[in-house]
């Protein structure tokens, strides 16, 4: 039964039997997933396995589905590309799409939270890659979401900027308490940020692990190292036979 995306909030996201086909190709195959309030979930998987398709469905950007999908009405998404409108000042980009007249004070508060209080009135073209991504996060957070969807938001950043952006997202999550679904290819990023890690393969969630790791996390910790090796094996890097 095709139901589309519903907006009845019990949990930030509840998915049962979700199927998405593109012609003869089944990308999501009877997928089940529930995300708890305030939970930080990282979703890993090989390219083309359906990670971004799932995120787009949860963002209500793709309705050609069968199955049941319930998503919090208050949700926001940040993509790999910041998608800022070049003809609007940064603060206007942050409140773009919100109901009512543009609220500059609200935009300024969000930009200050991500360290861009000094870039409120500039044009997007003068922002660095890291600044543009932070502006995208501010645009998501200003909506006060119950569910924040992040589609590989750090992949285009250089190594040092990426580390700073990861730290910022971790701080914002702890401050706001919203649930987060982060789509990423980076195993270490998933283990550093999330408290639950999923691996998608063949259109379904094949691995689901809650992380019992203290924060801040140490990449040299034996438990961290073991989890990284296990995840890499599920992603096809290693010798362990997958179930």
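The values are calculated or read from the model by the stated rules, or taken from the named source; none is laboratory data. Since the structure is predicted, the reported quantities are computational estimates derived from the model, not experimental observations. All Cβ positions, even for glycine, are placed from backbone atoms using ideal geometry, and neighbour counts span all protein chains on display.
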Requested in this report: Can you confirm whether region 150-165 contains a residue that is under 13 Å from the mean Cα position of the chain (by Cα), closer than 25 Å to residue 47 by Cβ, crowded, with 21+ Cβ neighbours inside 10 Å and at pLDDT 95 or above?
Outcome: yes
Query raised in the report: at pLDDT 95 or above, under 22 Å from the mean Cα position of the chain (by Cα), under 30 Å from residue 217 (Cα atoms) and crowded, with 20+ Cβ neighbours inside 10 Å, is that true of residue 146?
Result: yes
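Does residue 97 fit the bill of being in a helix (DSSP H, G or I) and either over 30 Å from residue 17 (Cβ atoms) or more than 17 Å from the chain's Cα centre (by Cα) (or both)?
Judged against the criteria, residue 97 is not a match.
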Query raised in the report: Is at least one residue of region 158-174 in contact (Cβ under 8 Å) with a residue 60 or more places away in the chain and closer than 25 Å to residue 73 by Cβ?
Result: yes
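Of the residues 45, 50, 67, which is buried (at least 18 other Cβ atoms within 10 Å of the Cβ), over 22 Å from residue 189 (Cα atoms) and touching a strand residue (DSSP E or B) at 6+ places or on another chain (Cβ under 8 Å)?
Going through 45, 50, 67 in turn, just one is buried (at least 18 other Cβ atoms within 10 Å of the Cβ), over 22 Å from residue 189 (Cα atoms) and touching a strand residue (DSSP E or B) at 6+ places or on another chain (Cβ under 8 Å): 67.
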Query raised in the report: With (1) in contact (Cβ under 8 Å) with a residue 24 or more places away in the chain; (2) within 25 Å of residue 14 (Cα to Cα) as the list, and residue 154 as the residue in question, which single condition is left unmet?
Result: (2)
Query raised in the report: Give me the pairs: first residue in region 211-238 and on the phi > 0 side of the Ramachandran plot and loosely packed, with under 15 Cβ neighbours inside 10 Å, second residue modelled with pLDDT under 95 and part of a loop (DSSP other than H, G, I, E, B), beta-carbon distance under 9 Å, and six or more apart or on different chains, which are they?
Result: 236/46; 236/242
Query raised in the report: Any idea how many residues of region 47-94 are free of Cβ contacts under 8 Å to residues at least 40 places away in the same chain, outside any loop (DSSP other than H, G, I, E, B) and over 28 Å from residue 235 (Cα atoms)?
Result: 2
Query raised in the report: Do we find that residue 114 is closer than 21 Å to residue 80 by Cβ and exposed (fewer than 14 other Cβ atoms within 10 Å of the Cβ) in this structure?
Result: no
